[in-house]
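What follows draws every value from the coordinates through simple rules; no lab data is involved. None of the values given here were measured: they were computed from a predicted structure. Ideal geometry is used to build each Cβ from the backbone, glycine not excepted, and the neighbour counts take in all protein chains shown.
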Amino acid sequence: MLGKGGRALDAVEAGVHVPEADPKNATVGYGGYPDRDGRVTLDACIMDELGNCGSVAGLEHIKHPISVARKVMEKTPHVMLVGDGALQFALENGFQKENLLTPESEKAWKEWLKKAEYKPVINIENQSYEGKGTTAFNPLRLPGNAWNHDTIGMVALDAAGNLSGACTTSGMAFKMHGRVGTRPLLARASM
């Protein structure tokens, strides 16, 4: 897209569509692990070269939350829509409601439910495990590890010098319903 003179904003949106639609990716979009209640909720943000941004959080039933985030940026006076309001907005703008829980993700959730030892540890998402791993950055050192706490971020610079970014995630596996990842909240600060 960029090689053909396309806009950076279009490139990042199209680029993150790939993991959002991949049923084998358990951390982003379709196929993402659900929350503790078995619901797949998605968070996404996008920003253009002018600093305009849009985001959604806690969005269910929409395969490409990044495109809904872009519509929020382009068609509303708001930066973020969440939950049922984000879904209503998506449906009003032509997005199709679909089941995002794949058989594989449902199976993983049902296995998790067998033990489901939910122990609230304050701010565990911000802590790393001490003494494990041998590299400066090792995702296995983070609580939840790479299988349940990942985000796809993409930044692009087009031929006109315009920089845009996008970020999308289904968040932490088996999270409490209503948990929102930090990336869509920090759209402006992180891109």
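Here's how it looks for L100: its modeled amide H is under 5 Å from those of H61, which are all 5 or more places away or on a different chain. Within the straight-line cut-off of under 15 Å between alpha carbons, the aspartates and glutamates reachable from K110 are D35, D37, sequence neighbours fewer than 8 places apart in one chain being disregarded. 3J(HN,Hα) along the range 89-95, derived from phi through the Karplus expression 6.51 cos²θ - 1.76 cosθ + 1.60 where θ = phi - 60°, amounts to 4, 4, 5, 5, 9, x, 6 Hz, with x in place of Gly and Pro.
Model label sites at L157 and D84, defined 7 Å from Cα along the beta-carbon direction, differ in position by 4.6 nm. Taking chymotrypsin sites (Phe, Trp or Tyr not before Pro) across the range 32-114, none is in a DSSP loop with at most 12 further Cβ atoms lying within 10 angstrom of its Cβ.
Other residues within the sphere of radius under 11 Å centred on the Cβ of R70, judged by their own Cβ, net out at -2 (K and R +1, D and E -1).
Applying 1/(1 + (r/R0)^6) with R0 = 22 Å to the Cβ-Cβ distance of D10 and K107, what FRET efficiency is obtained, to the nearest 0.05? Given R0 = 22 Å and the Cβ-Cβ separation, E is 0.05.
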